[in-house]
Amino acid sequence: MGQYIRIFSLVVLLGIQMAVGQPNEVWQEKLIDLSEKGLAEVLVQQNENIQKISLNDGRNLLEQAKKVLALENPDQRSLPTVEGRLTFFSVQHDILVIELVKDHWFNGVYMCQGKVTPFVLKDEGNHFLQTVEKIMNPQPEIQLCSECCNKMFATALGECSACKGTTESIGFKYCSACAAQKGVCQACGKKLK
Ligand SMILES: [Zn+2]
Ligand SMILES: [Zn+2]
């Protein structure tokens, strides 16, 4: 029994060392593995809600995940505040779970045939999280009145006069969501028929 435990600890130690060796390379490999095997289902869990997202969005997220870095030595002094979880299932029953966390490192786990590979990840600039948020809350299309349609608008972001959120152009009065809710032109605020 003692010997068994010793061998077991050795295997665990070797396993951990392998993962620690080049975590980012292992992470990239797992992502490529998962996309090659093909996705069966992708779920997003936020609060109590679990929502299925399209496989197209899932593939897009896997691509984005390649820009997320796997860290060797995370700063363990503070723990991440988890806002949700993203779970990918491959057709061969591999599972990848990624925590959704803002401005902090977070955990990811890849499970394949009973083998668990943990990762500590960092999403520089929260680009991955923003992509998830865009998929979960798609913005309505830009709505302009017949006059504003023919105008040119600066590409710099502006402030929505209703919600103080950002507008697509500094020349716009409302953001897409507020304009859609009011049924008005996003640029001038005139009622749309
Ligand atoms: Zn608004
Ligand atoms: Zn208008």
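When restricted to residues that are of a type in the set (Ser, Thr, Tyr) and near ligand 1 (Cβ under 8 Å from one of its atoms), segment 162-175 contains 2. The number of residues in segment 116-160 that are in contact (Cβ under 8 Å) with a residue 24 or more places away in the chain and either within 16 Å of ligand 1 (Cβ to nearest atom) or more than 25 Å from the chain's Cα centre (by Cα) (or both) comes to 11.
Read-outs: derived from the displayed coordinates by stated rules, not from any lab. Here the structure is a predicted model, which is why all the values come from computation and not from measurement. For neighbour counting, all protein chains shown are included, and Cβ atoms are generated from backbone atoms with ideal geometry for every residue, glycine included.
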